[in-house]
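Let me begin by presenting the structure, written as structure tokens, before commenting on it.
The values are calculated or read from the model by the stated rules, or taken from the named source; none is laboratory data. On a predicted model such as this, the values are computed, not experimentally measured, just so you know. Heads up, the Cβs are rebuilt from the backbone with ideal geometry, glycines too, and the neighbour counts pull from every protein chain shown. Heads up: the accessible areas ignore ligands, DNA and RNA and are worked out on the full protein's heavy atoms, side chains in. Shrake-Rupley method; radii C 1.70, N 1.55, O 1.52, S 1.80 Å.
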Amino acid sequence: MPIRVVLNEDEIPRQWYNLAADLPSPMLPPLGPDGNPISPEMLAPVFPMNLIEQEVSQERWIDIPEEVLEILYRWRPSPLHRATLLEKALGTPAKIYYKNESLSPAGSHKPNTAVPQAWYNKQFGIKKLTTETGAGQWGSALSFACALLGLECKVFMVRISFDQKPFRKIMMETWGGKCIASPSNETQAGRDILAKFPDTPGSLGIAISEAVEAAVTDPTGQTRYSLGSVLNHVMLHQTIIGLEAQKQLKKIGEKKVDVVIGCAGGGSNFAGLAFPFVSDKINGARIDIIPVEPTSCPTMTRAPFAYDHGDTAKMTPLLPMHSLGHDFVPEPIHAGGLRYHGMAPLVSQAIVEGLLTPRAIPQVECYEAAVTFARTEGIIIAPETSHAVAATIQEAKKAKEEGKEKVILFNLSGHGLMDLGGYAKYFAGELTNHALHEDDMAKSLAAIKDLPKPAINRTGKW
Ligand SMILES: Cc1ncc(COP(=O)(O)O)c(C=O)c1O
């Protein structure tokens with residue numbers, strides 16, 4: 001029974017998969033401030049045109065540039081593991097597999113898109129990238145990619161994570177990135193928030209506003225903004241995970257996957273693993289595909305599918321997505337990367353189509369699962385990843401009750417070696433569960449009640 005399935009360099013997928021080509025209903029466009037669809041040119045101050053072309057592409061397959069692959073080979077193809085010791089501890093008849101994305105230099109799946117984003121920006125003549133980061137994984141990944149490609153990098157890190165995870169900042173600095181706490185005094189968006197809420201823990205929505213502002217106000221015109229999740233081109237770059245997993249499962253003779261699981265903040269590691277399997281599902285395969293979120297930030301399980309801004313200062317276009325409202329500031333839970341008010345439009349639309357079954361899990365159950373995983377499989381996972389592991393354990397227990405030998409696949413999106421503060425609090429019994437209160441949700445949703453409503457009907461029978 002193979003425990004670790006590897007692919008050679010020459011077996012790496014050479015194209016990314018674009019779910020937009022196969023979704024039953026066409027992707028809804030982003031809208032400008034006037035409520036009309038925005039043109040690619042309108043995004044040009046923010047992103048380079050070669051990435052905008054990917055953002056709006058309807059092509060099913062997009063070639064991965066050779067120079068990008070040459071950097072990805074440093075940790076890809078990533079191994080597929082069989083979690084035999086976890087299976088044994090749970091006494092489940094299910095077979096549990098996971099893709100190990102924790103082996104990248106930055107420790108997560110994020111470099112899979114940081115490298116191509118930096119590469120396409122460089123091709124376009126850009127010299128500097130700005131971005132936001134929640135837990136610090138994305139800021140580290142972009143700093144790493146910029147170092148290898150010779151670009152400058154500036155990262156606005158959500159205040160609460162900046163305080164909880166000081167070593168992430170050192171990682172970014174080691175790669176030459178500049179990291180500052182958000183909200184900051186460097187941008188108008190940051191100053192406005194600080195004037196109203198001086199003690200705010202910050203949020204991804206606020207940090208995005210700051211990073212976009214810093215890019216578009218650079219008078220040299222040589223700075224662009226880079227987003228670590230949510231957008232179509234980010235989902236696209238991450239599909240290398242699921243495409244590799246399909247080859248690895250085939251290599252060991254696994255014919256069918258029953259359940260595919262990933263944690264979802266903006267949606268990218270989940271989409272990366274799941275979208276090639278969503279394609280199988282559209283073509284008739286029976287698979288449960290589960291994105292998992294925290295109960296304190298229940299974007300997919302409780303928030304409406306709406307048009308909303310990706311950031312708090314309303315600088316981004318209106319995106320069709322599940323959203324808790326752009327003003328939403330989630331509880332300071334330790335899974336910083338899952339504290340986002342919205343969800344990728346591609347993931348959101350696949351939910352509306354009935355292709356995905358989202359699930360919310362409270363923080364303490366996630367840490368319990370993370371500790372079980374560390375004590376069986378050995379890897380100390382990121383707090384974000386613990387949501388995927390908690391759902392995997394739920395599914396493995398269900399398979400036991402049903403007496404079914406199901407095949408479960410999840411994405412191990414990152415290690416938690418920089419996130420031990422959360423583990424310390426868990427062991428000290430200081431972690432609590434937060435479920436978002438109805439009244440608080442109603443308050444944050446008030447921000448989007450007058451925005452246009454997306455019209456889409458469920459077309460399939462999944
Ligand atoms: C390890 C890890 N997993 C998951 C996420 C969530 O992001 P996404 O939903 O884009 O994969 C993050 C975000 O910071 C992360 O660091």
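Rounded to the nearest whole Hz, the Karplus-based 3J(HN,Hα) values (6.51 cos²θ - 1.76 cosθ + 1.60, θ = phi - 60°) of region 155-171 follow the sequence 10, 9, 9, 3, 2, 4, 6, 4, 6, 6, 10, x, 6, 4, 4, 5, 4, with x at glycine and proline. Among the listed pairs Lys88/Lys165; Lys110/Lys196; Lys255/Lys400; Lys251/Lys461; Lys88/Lys251; Lys128/Lys314, those with a Cα-Cα distance over 25 Å are Lys88/Lys165; Lys110/Lys196; Lys251/Lys461. Counting only Cα atoms, region 317-356 measures 31, 23, 12 Å along its principal axes, largest extent leading. Each Cα pair under 8 Å and six or more residues apart adds its separation to the average, and for the chain the resulting relative contact order is 19 percent.
To put it simply, the accessible area of the chain at a 1.4 Å probe is 53 percent carbon and sulfur.
Residue-wise HN-Hα couplings along region 341-358, as the Karplus relation 6.51 cos²θ - 1.76 cosθ + 1.60 with θ = phi - 60° gives them from phi, are 6, x, 8, 3, x, 5, 5, 4, 5, 5, 5, 4, 6, x, 7, 10, 10, x Hz; Gly and Pro carry x.
Per-residue extension of 0.36 nm, minus the Cα-Cα distance of Phe427 and Lys397, leaves a gain of 8.4 nm for this segment. Each of the peptides 66-76, 355-365, 85-95 was scored by the mean count of other Cβ atoms within 10 Å over its residues; in descending order, highest first, they stand as 355-365, 85-95, 66-76. Helical content of the chain, expressed as a calculated mean residue ellipticity at 222 nm, amounts to -11500 deg cm²/dmol (DSSP H runs of 4 or more residues, -39,500 (n - 2.57) each, divided by residue number, nearest 500). Label separation (Asp450 vs Gln222): 4.3 nm, computed from points 7 Å beyond Cα along the C-beta direction.
Over region 148-218, the reciprocal of the mean inverse Cα-Cα separation, the Kirkwood hydrodynamic radius, stands at 12.5 Å.
Here the calculated FRET efficiency for Asn50 and Asn283, from their Cβ-Cβ distance with R0 = 35 Å, stands at 0.70, rounded to the nearest 0.05. For the pair Asp192 and Asp439 in one chain, pulling the backbone fully straight at 0.36 nm per residue adds 86.4 nm over the alpha carbon distance.
The smallest convex shape that holds all Cα atoms of the chain, its convex hull, gives 132 Å³ per residue. Using C-alpha pairs under 8 Å with a sequence gap of at least 6, the mean separation divided by the residue count of region 1-106 gives a relative contact order of 35 percent. Within region 1-152, antiparallel bridges make up roughly 90 percent of the DSSP beta bridges whose residues both belong there. Per residue, region 77-128 exposes 28 Å² of accessible surface when a 1.4 Å probe is rolled over the protein heavy atoms with every protein chain present. Centre-to-centre separation between the Cα atoms of region 96-122 and those of region 322-400: 19 Å. Modelled spin labels at Met42 and Glu67, positioned 7 Å past Cα toward Cβ, are 3.2 nm from each other. With a threshold of 24 Å on the Cα-Cα distance, the over-threshold entries among Lys122/Lys154; Lys398/Lys425; Lys99/Lys250 are Lys398/Lys425.
Taking the DSSP bridge list for the chain and keeping only pairs wholly inside it, about 35 percent are antiparallel. A straight chain from Gln58 to Asp34 at 0.36 nm per residue would run longer than the Cα-Cα distance by 6.1 nm.
Dividing the radius of gyration of the alpha carbons in region 1-91 by their Kirkwood radius gives 1.15 for Rg/Rh. Angle between the Cα long axis of helix 268-282 and the longest principal axis of the chain, 0 to 90 degrees, nearest 10? So the inclination is approximately 60 degrees.
Computed from point charges on the beta carbon alone (+1 for Lys and Arg, -1 for Asp and Glu), the dipole magnitude for region 358-410 about its Cα centre is near 120 Debye.
Each Lys and Arg adds +1 at its Cβ and each Asp and Glu adds -1 at its Cβ; summed about the Cα centre, region 286-357 shows a dipole of about 60 debye. Scaled against the 2.2 N^0.38 Å expected of a compact globular protein of N residues, the Cα radius of gyration of region 205-330 reads 1.26. For Lys406, the aspartates and glutamates whose Cα comes closer than 16 Å to its Cα, not counting residues fewer than 8 places off in the same chain, are Glu87, Glu254, Asp258, Asp288, Glu395. In region 407-462, one over the average inverse separation of all distinct C-alpha pairs is 16.8 Å, which is the Kirkwood hydrodynamic radius.
Amide H contacts of Ser323 (H built 1.01 Å from N, in plane; Pro and chain starts excluded): Ala306 sit under 5 Å, all sequence-distant by 5 or more or on other chains. Between the residues Leu204, His437, Ile380, the greatest Cα displacement towards the positive end of the dipole of the chain, with unit charges on the Cβ of Lys, Arg, Asp and Glu, is found for Ile380. Charging the Cβ of each Asp and Glu at -1 and of each Lys and Arg at +1, and nothing else, the dipole of region 130-223 about its Cα centre rounds to 220 debye.
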